[in-house]
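Novice: Take this structure, written in structure tokens, and hold onto it; I'll ask about it next.
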Amino acid sequence: MAYKTLYRVFRPRTFDEVYGQQHITDILKKQVMTGQLSHAYLFYGPRGTGKTSTAKILANAMNCLDPQGGNPCGKCEVCTGAANDAFVDIVEIDAASNNSVDNVRDIREKVSLLPALGKYKVYIIDEVHMLSPGAFNALLKTLEEPPAHAVFILATTEIRKLPATILSRCQRYDFKRITEEDIVARLREVAEKTGVEYEEEALCMIAQSAEGAMRDALSVMDQCIAGQDSLTLGHVNEAMGIADTERTRALCGAVLGENPAEALGLLQGMLKDGIEPHNILRDIIVELSGQLAKEAADAYRCANLLRVLEVFILSLIHISEPTRQAEISYAVFC
């Protein structure tokens, strides 16, 4: 059997397993329990925060033969089929590759058909912002007058690209970036279930680099533990091409101490070791931000830190592949 990545193996199966989005899952569970379901939902938020997973759980729960507290039971015929992506009444569509008018017309023709096994025929349209203007117009008609058995769940990271006419016909749920504490808790749980020994610092580093995306965190963890049964901070630094805390702190000290020779020497050493310039800039910003919080009482010190932070943040925004080393060298020298 082909190897399955961690984020697929540990994809949430119930609302209670979705980390960091309780403000959404609590409402959806109540809707399932009371039967007061909407005909159209819109899940919006950054990548890797659980939009598609929550959509699948909702589709499963509303068709489950024996829901438990708003969650799918995980045992009935519907849940078994949904777990294997084989339940015919849940249709998942990637709008990035199915974005034409003809694709939406095909949905309109089939949506009137009654569900084969479940109570609802659910269409999950991922990356819905990728639909063409004509496709949005075709979808609008279906959202205006949907059959009683049809439910649409739209997911997007770019809500500004959706027409207002579509937005006004959906219940909107905004997914937040997942906190580092929640990501660490999930990574710890995964490590314990897979029998991987871990360093707490390694989990924290992965959570910090994931920037609120659980899927990204699990993907990095998968990469770091490939072929081994332990997870250390060294594994994470090597796999992600990032500097250790001591080197980053030394570089920040050289910059704040206005020692360009030492700073550029440290920088060249990092680049020579294969550490990505983007990661160096990000780690410098994180380190300086921490120092700024500690020096809040010293106005002069804060002003200097803010000036340095501004230079590095602007460099991170403008950094590009051809000029990235020049950009970071310029930032350090300034």
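The values are calculated or read from the model by the stated rules, or taken from the named source; none is laboratory data. None of the values given here were measured: they were computed from a predicted structure. Neighbour counts are summed over all protein chains in view; Cβ atoms, including those assigned to glycine, are modelled from backbone coordinates with ideal geometry. What goes into the accessible areas is simple: the full protein's heavy atoms, side chains included, and nothing from ligands, DNA or RNA. Shrake-Rupley method; radii C 1.70, N 1.55, O 1.52, S 1.80 Å.
Novice: Pairs LYS4/LYS29; LYS272/LYS294; LYS30/LYS119; LYS51/LYS110; LYS4/LYS119; LYS4/LYS121: which are spaced more than 22 Å apart, C-alpha to C-alpha?
Specialist: Details: LYS4/LYS29 29 Å; LYS272/LYS294 32 Å; LYS30/LYS119 18 Å; LYS51/LYS110 25 Å; LYS4/LYS119 31 Å; LYS4/LYS121 28 Å.
Among LYS4/LYS29; LYS272/LYS294; LYS30/LYS119; LYS51/LYS110; LYS4/LYS119; LYS4/LYS121, the Cα-Cα distance tops 22 Å for LYS4/LYS29; LYS272/LYS294; LYS51/LYS110; LYS4/LYS119; LYS4/LYS121.
Novice: Further question: Determine ³J(HN,Hα), in whole Hz, for all residues of the stretch 309-314 in sequence, where each value follows from phi through the Karplus function 6.51 cos²θ - 1.76 cosθ + 1.60 and θ = phi - 60°; x replaces Gly and Pro.
Specialist: Calculated HN-Hα couplings, in order: 4, 4, 4, 5, 5, 4 Hz.
Novice: Follow-up. On a full-extension model of 0.36 nm per residue, what is the gain between ALA164 and GLU181, subtracting their alpha-carbon distance, rounded to one decimal in nm?
Specialist: Additional length available on full extension: 2.6 nm.
Novice: Separate question: Please quote Rg/Rh for the stretch 236-286 to two decimal places, taking the Kirkwood radius as Rh and restricting both calculations to Cα atoms.
Specialist: Result: Rg/Rh = 0.95.
Novice: For the chain, give me the percentage of DSSP beta bridges that are antiparallel, rounded to the nearest 5 percent.
Specialist: Values: 1 of 22 bridges.
Looking only at bridges with both residues in the chain, the antiparallel portion is about 5 percent.
Novice: Can you find, among GLY212, ASN259, ILE313, the residue farthest towards the positive end of the dipole of the chain? Put +1 on the C-beta of Lys and Arg, -1 on that of Asp and Glu.
Specialist: Checking the options against the dipole of the chain, the answer is GLY212.
Novice: So, one more: So how strong a dipole does the chain carry about its Cα centre when Lys and Arg Cβ are +1 and Asp and Glu Cβ are -1, to the nearest 20 debye? Please list the in-between numbers first.
Specialist: Details: 34 positive and 45 negative charges, 276 e Å.
Charge dipole of the chain: 1320 debye, to the nearest 20.
Novice: Given points 7 Å out from each Cα along the Cα-Cβ axis, report the ARG8 to LEU314 separation in nanometres with one decimal.
Specialist: Calculated label separation equals 4.6 nm.
Novice: Next up: What are the residues whose amide H is under 5 Å from the amide H of GLU92, where those residues sit 5 or more places off or on another chain and H is modelled from the backbone?
Specialist: ILE124
Novice: Based on Cα positions only, what radius of gyration and what Dmax would you give for the chain, in angstroms?
Specialist: Cα-based Rg and Dmax for the chain come out at 23.9, 72 Å.
Novice: Ok, one more. For the stretch 74-231, which semi-axes, largest first and in whole Å, follow from the square roots of 5 times the eigenvalues of its Cα gyration tensor?
Specialist: Ellipsoid half-lengths, sorted descending, are 37, 20, 13 Å.
Novice: Sticking with this one: What percent of all Cα-Cα pairs in the stretch 22-73 falls into each 5 Å bin, going from 0 up to the bin containing the maximum distance?
Specialist: P(r) for the stretch 22-73, in whole percents per bin: 4, 20, 33, 25, 12, 5, 1.
Novice: Any chance you could run the full-extension gain for THR232 through GLU295? It's 0.36 nm times the residue separation minus the Cα-Cα distance, nm to one decimal. It would help to have the intermediate numbers written out before the result.
Specialist: Working: separation 63, 0.36 × 63 = 22.68 nm, distance 3.12 nm.
Result for the pair: 19.6 nm of gain on full extension.
Novice: Sticking with this structure for a sec: Give me the Å³ per residue figure for the convex hull around the C-alpha atoms of the stretch 34-114.
Specialist: 132 Å³
Novice: Can you tell me the 0 to 90 degree angle between the C-alpha axis of helix 200-210 and the longest principal axis of the chain, rounded to 10?
Specialist: 70 degrees
Novice: Please give the per residue volume of the convex hull enclosing the alpha carbon atoms of the stretch 199-322, rounded to a whole number of Å³.
Specialist: 124 Å³
Novice: So how long is each side of the stretch 144-249 along the principal axes, counting just the alpha-carbon atoms, biggest first, in Å?
Specialist: Sorted from largest, the Cα extents of the stretch 144-249 read 58, 33, 22 Å.
Novice: Hey, any idea what % of the stretch 210-309's accessible area is carbon plus sulfur with a 1.4 Å probe?
Specialist: 53 percent
Novice: Right, next: Hey, how many Å between the Cα centroid of the stretch 141-165 and the Cα centroid of the stretch 247-286?
Specialist: Measuring centre to centre over Cα atoms gives 47 Å.
Novice: Next up: Can you work out the Karplus-derived ³J(HN,Hα) for every residue in the stretch 63-75? Use 6.51 cos²θ - 1.76 cosθ + 1.60 with θ = phi - 60°, whole Hz, and x for glycine or proline.
Specialist: Whole-Hz 3J(HN,Hα) from phi for the stretch 63-75: 9, 4, 7, 8, x, 10, x, x, 9, x, 6, x, 10.
Novice: To continue, here is another question. Each label point is 7 Å from the Cα along the Cα-to-Cβ direction; what then is the distance between the points at GLN223 and ARG172, in nm?
Specialist: If labels sit at GLN223 and ARG172, their model points lie 3.4 nm apart.
Novice: When the dipole is taken about the Cα centre of the stretch 87-203, and only Lys, Arg (+1) and Asp, Glu (-1) are charged at their Cβ, what size is it in debye, to the nearest 20?
Specialist: Numbers: 15 positive and 21 negative charges, 185 e Å.
So the dipole magnitude of the stretch 87-203 works out to roughly 880 debye.
Novice: Taking all protein chains in place and a 1.4 Å probe, what share, in percent, of the accessible surface of the stretch 19-104 do carbon and sulfur account for?
Specialist: Answer for the stretch 19-104: carbon and sulfur cover 48 percent of the accessible area.
Novice: Over the stretch 115-265, what is the relative contact order in percent, taking alpha-carbon pairs closer than 8 angstrom and at least six residues apart?
Specialist: 17 percent
Novice: Provide the packing ranking of 54-60, 258-264, 94-100, i.e. peptides ordered by the mean count of other C-beta atoms within 10 Å per residue, highest first.
Specialist: Going by the mean number of other Cβ atoms within 10 Å, highest first, we get 54-60, 94-100, 258-264.
Novice: How large is the accessible surface per residue of the chain, computed with a 1.4 Å probe and reported in Å² as a whole number? List each step's numbers first, then the result.
Specialist: Details: 16800 Å² over 334 residues.
Normalised by residue count, the accessible surface of the chain is 50 Å².
Novice: Now, a different point. Show the residues, 5+ positions off or on another chain, whose built amide H is closer than 5 Å to the amide H of GLN68.
Specialist: Residues meeting the criterion, in which the H sits 1.01 Å from N, are CYS73.
Novice: Give, rounded to the nearest 20 debye, the magnitude of the charge dipole that the stretch 1-106 has about its Cα centre when Lys and Arg contribute +1 at Cβ and Asp and Glu contribute -1 at Cβ.
Specialist: With Lys and Arg at +1 and Asp and Glu at -1, about 340 debye.
Novice: Add -39500 (n - 2.57) for each DSSP H run of 4 or more in the chain, then divide by its residues: what number comes out at 222 nm, to the nearest 500 deg cm²/dmol?
Specialist: Calculated from helices alone, the mean residue ellipticity at 222 nm is -16500 deg cm²/dmol.
Novice: If packing is taken as the mean number of other Cβ atoms within 10 Å per residue, what is the order of 27-34, 195-202, highest first?
Specialist: 27-34, 195-202
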